Structures are given as structure tokens and as C-alpha cells.
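Asker: What follows is a structure written as C-alpha cells; I'll ask about it next.
The values are calculated or read from the model by the stated rules, or taken from the named source; none is laboratory data. Note that the structure is a prediction, hence the values are computed from the model and not measured. Every residue, glycine among them, receives a Cβ derived from its backbone with ideal geometry; neighbour counts consider all protein chains shown. The protein model used for the area step is the full one, side chains on, heavy atoms only, and it has no ligands, DNA or RNA in it. Shrake-Rupley method; radii C 1.70, N 1.55, O 1.52, S 1.80 Å.
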Amino acid sequence: MTNESDTVETWNVYGAHQLARRVELPELDRWDWGIPDIGPGIEALGDVDGLRVLDLGSGLGRHAAYLAARGADVTAVDASPAQHQRALTRYPDSPGLHLVCADAVAHLRDADPYDLIYSVGSMPYLDPDRLLPVLANNLAPGGRLLFSALHTNSDGTGPSAELMPRPEILRLPGTTEDHRVNMWVLTPQLWEDLLVQHGLRMEAVTAIDSPKPDNHVSYRLYAARHLQRVPSPGGHAGPVPRTDDRAVDRKPTAVPGGATPWPR
């Protein structure tokens, strides 16, 4: 877990920095998945009223609070104690919002199934081989997973077709110091293969590109669903057969990869 532990420490540095500055970010007026004012918003999640929801890598908790105010029962998990403290300070007692400081995998191992799991930019910091098995086990049948992931970094470096982390530079908001972190920046095909391997069907891949011509940063928003299990001829439950249709990247010509900051 060295890569992930180093990333948690980086976010701790950031969280402590923001706590010391007493930064007060406004509540969300628009839901973004990686680049402000670009791409789909909260509509990508559908109706969340009454759903049991998990926010992975919740940071300050603004996205989770946004959903809780819309009737969802939201658990917001972040592994950084400093980020968790920021969230507690901001949302000490918000109905429908539960703030948890824990490793995402450890939390999922003990949690009841969720109807919806989402992550705004945080999943690429976690080893998919460690995360996806427990995530799939704790997503209710028919439940949905939505997450945004870095596709192209500011240098124009695209995603990898190999399942391994790579170093990226992260400049945290409100700071001038660059931090070297490791991220799993993967092609849409590899993300789909991993999700299918764990019983999820990819439903959509949406490109979120910087509108600035001199900025190569690009994200992808992935939407997947946990397969319902149906009786097999022998009477045992098995997954719904997967179709031959592949998830289609809506902007396949965009170049992939890279890390940029967003307010958390």
C-alpha cells in the first residue's frame, strides 16, 4: 500500500494547509466531475432520493452534502484525517450525511451494500486489484458505479493499457508546491475489462476535456451497473450474460492521461 499511503499523506498536507488557512469554499451550485463547468453534472447520477450512497474519496464533503440535501443517505469516506476533519468542521450535523475517516477498501469490507457508489476523481489513486473486488461485493444487484478518472495529463501524456500506477504531479489548490503521486491512469478499454471481470457492465464513457486549447487535461466519466443475477438452467444464480456491445468513448480522438487539482 506504499503508493496509496504516500497519496494519503499528500492529501493530509493539503488538508492541514487548508485548515490553517481557514478556507471557506462555497457550497456547490453545479456538480462537476473533474473540470469546472464542463461535462455532465448531477444528472449523470439520476434520482438519488432514498438511495443508500457511498462517496469514495470525499474530501471536504461538498458533493456528499449536495446529495444528502436531495434525499440520499450518503456515507462519505476519505482516508486523510486532515480532510476528514475539514468535512467534520463544515458539516457537523447534516441529515443524511455520514462522514467516515477510513481506507475505502476497509470500509467496504464491513459495510452493507450500497445502491450507488461514486467518486469524483479519487478512484485512480487506489489499486483497482485491491478496490474493485470489495466494491463489486458491496454494490447492490442493479446498483450503479460512477467515477471520473484522469485520461490525459497537462503534458498530453495519455492513459496506459497496462495495469500499473505511474507518477503524476499534483498541485493542490491554494499551494505552490508540486507533489509527486502515483495514479492508475488507464485506457477506457482497460477500465471496462476490469469492471466486467468483477461483474459490472459498462454503460457509458463520457469525455470531459479542458476547453483551453493549450491545456491537454482530460478526464473520463465512467458509468457502470452491477449485473443482476438470474437463475441458470441448473438452478444456480449466475450473472446476466454480457452483450457484445462495447462502451463507446464519445470523443475517441482525444489524447489521454495527467493530474490537475480541483477543490476538495
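Asker: Being open to solvent by less than 20 Å² (accessible area, probe 1.4 Å) and on the phi < 0 side of the Ramachandran plot is the requirement here; does S122 meet it?
Answerer: Working: open to solvent by less than 20 Å² (accessible area, probe 1.4 Å): yes; on the phi < 0 side of the Ramachandran plot: yes.
Yes.
Asker: Can you tell me which residue within the stretch 37-49, out of those that are in contact (Cβ under 8 Å) with a residue 12 or more places away in the chain and under 16 Å from the mean Cα position of the chain (by Cα), is nearest to Y118 (Cα to Cα)? Even if it seems obvious, please write down each step before you answer.
Answerer: Keep residues of the stretch 37-49 that are in contact (Cβ under 8 Å) with a residue 12 or more places away in the chain, which gives 38-40, 42, 44-46, 48-49.
Narrowing further to those that are under 16 Å from the mean Cα position of the chain (by Cα): 39-40, 42, 44-45.
Values: G39: 16, P40: 14, I42: 11, A44: 11, L45: 9 Å.
Restricting to residues being in contact (Cβ under 8 Å) with a residue 12 or more places away in the chain and under 16 Å from the mean Cα position of the chain (by Cα), the top hit is L45.
Asker: Among A149, A140, which is the only one that is buried (at least 20 other Cβ atoms within 10 Å of the Cβ) and of a type in the set (A, V, I, L, M, F, W, C)?
Answerer: Values: A140 fails: buried (at least 20 other Cβ atoms within 10 Å of the Cβ).
Just a single option satisfies the conditions, and that option is A149.
Asker: Residues in the stretch 66-109 that are small (G, A, S) and farther than 24 Å from V13 by Cβ: how many? Before the answer, list the steps.
Answerer: Just the residues of the stretch 66-109 that are small (G, A, S), to begin with: 68-69, 71-72, 76, 79-80, 82, 87, 94, 96, 102, 104, 106.
With farther than 24 Å from V13 by Cβ added as a condition, the list becomes 68-69, 71-72, 94, 96.
Final tally of qualifying residues: 6.
Asker: Using the structure shown, decide if M164 is in contact (Cβ under 8 Å) with a residue 12 or more places away in the chain and open to solvent by 50 Å² or more (accessible area, probe 1.4 Å). Talk me through it step by step, then tell me what you get.
Answerer: Working: in contact (Cβ under 8 Å) with a residue 12 or more places away in the chain: yes; open to solvent by 50 Å² or more (accessible area, probe 1.4 Å): yes.
Spelling it out, M164 is indeed in contact (Cβ under 8 Å) with a residue 12 or more places away in the chain and open to solvent by 50 Å² or more (accessible area, probe 1.4 Å).
Asker: Filter the stretch 87-114 for residues that are hydrophobic (A, V, I, L, M, F, W, C) and free of Cβ contacts under 8 Å to residues at least 12 places away in the same chain; which is farthest from L139 (Cα to Cα)?
Answerer: Start the filter on the stretch 87-114 by keeping residues that are hydrophobic (A, V, I, L, M, F, W, C), which leaves 87-88, 97, 99-102, 104-106, 108, 111.
Next, only the ones that are free of Cβ contacts under 8 Å to residues at least 12 places away in the same chain stay: 88, 106.
Values: L88: 26, A106: 15 Å.
For the stretch 87-114, the residue satisfying everything is L88.
Asker: For the stretch 68-79, give me each residue that is buried (at least 24 other Cβ atoms within 10 Å of the Cβ) and out of contact with any His (no Cβ under 6 Å at 6 or more places or on another chain).
Answerer: Of everything in the stretch 68-79, those that are buried (at least 24 other Cβ atoms within 10 Å of the Cβ) and out of contact with any His (no Cβ under 6 Å at 6 or more places or on another chain) turn out to be V74, A76, A79.
Asker: Here's something else I'd like to know. Checking L67 against (1) in contact with a Phe, Trp or Tyr (Cβ under 8 Å, 6 or more places away or on another chain); (2) part of a helix (DSSP H, G or I); (3) not acidic (D, E), which single condition isn't satisfied?
Answerer: Against the list (1) in contact with a Phe, Trp or Tyr (Cβ under 8 Å, 6 or more places away or on another chain); (2) part of a helix (DSSP H, G or I); (3) not acidic (D, E), L67 comes up short only on (1).
Asker: How many residues does the stretch 3-39 contain that are more than 22 Å from E177 (Cβ to Cβ), open to solvent by 60 Å² or more (accessible area, probe 1.4 Å) and in contact with a helix residue (DSSP H, G or I) (Cβ under 7 Å, 6 or more places away or on another chain)?
Answerer: The qualifying residues number 1.
Asker: Specify the residue that is most open to solvent (accessible area, probe 1.4 Å); the eligible residues are those in the stretch 167-191 that are of a type outside the set (D, E) and part of a loop (DSSP other than H, G, I, E, B). Let's see the steps before the verdict.
Answerer: So the first thing to find is which residues in the stretch 167-191 are of a type outside the set (D, E), and the list is 167, 169-176, 179-191.
Still in the list and also part of a loop (DSSP other than H, G, I, E, B): 172-176, 184-185, 187.
Working: L172: 3, P173: 30, G174: 49, T175: 32, T176: 125, W184: 14, V185: 2, T187: 31 Å².
Restricting to residues being of a type outside the set (D, E) and part of a loop (DSSP other than H, G, I, E, B), the top hit is T176.
Asker: May I ask you to say which residue of V53, V48 is at pLDDT 95 or above and surrounded by 21 or more Cβ atoms within 10 Å (Cβ to Cβ)?
Answerer: Working: V48 fails: surrounded by 21 or more Cβ atoms within 10 Å (Cβ to Cβ).
Going through V53, V48 in turn, just one is at pLDDT 95 or above and surrounded by 21 or more Cβ atoms within 10 Å (Cβ to Cβ): V53.
Asker: Another question, then. Does A65 satisfy the criteria of being small (G, A, S) and open to solvent by 20 Å² or more (accessible area, probe 1.4 Å)?
Answerer: For A65, the condition - small (G, A, S) and open to solvent by 20 Å² or more (accessible area, probe 1.4 Å) - is not met.
Asker: Another question, then. Inspect the stretch 211-229 for any residue being open to solvent by 20 Å² or more (accessible area, probe 1.4 Å), at pLDDT below 85 and assigned to a loop (DSSP other than H, G, I, E, B) and give the result as yes or no. Explain how you work it out, then say what you get.
Answerer: Of the stretch 211-229, the ones open to solvent by 20 Å² or more (accessible area, probe 1.4 Å) are 211-216, 225-229.
Filter once more, so that each one left must be at pLDDT below 85: 228-229.
If we keep only those that are assigned to a loop (DSSP other than H, G, I, E, B) too, we end up with 228.
Within the stretch 211-229 (the criterion being open to solvent by 20 Å² or more (accessible area, probe 1.4 Å), at pLDDT below 85 and assigned to a loop (DSSP other than H, G, I, E, B)), the answer is yes, since at least one residue qualifies.
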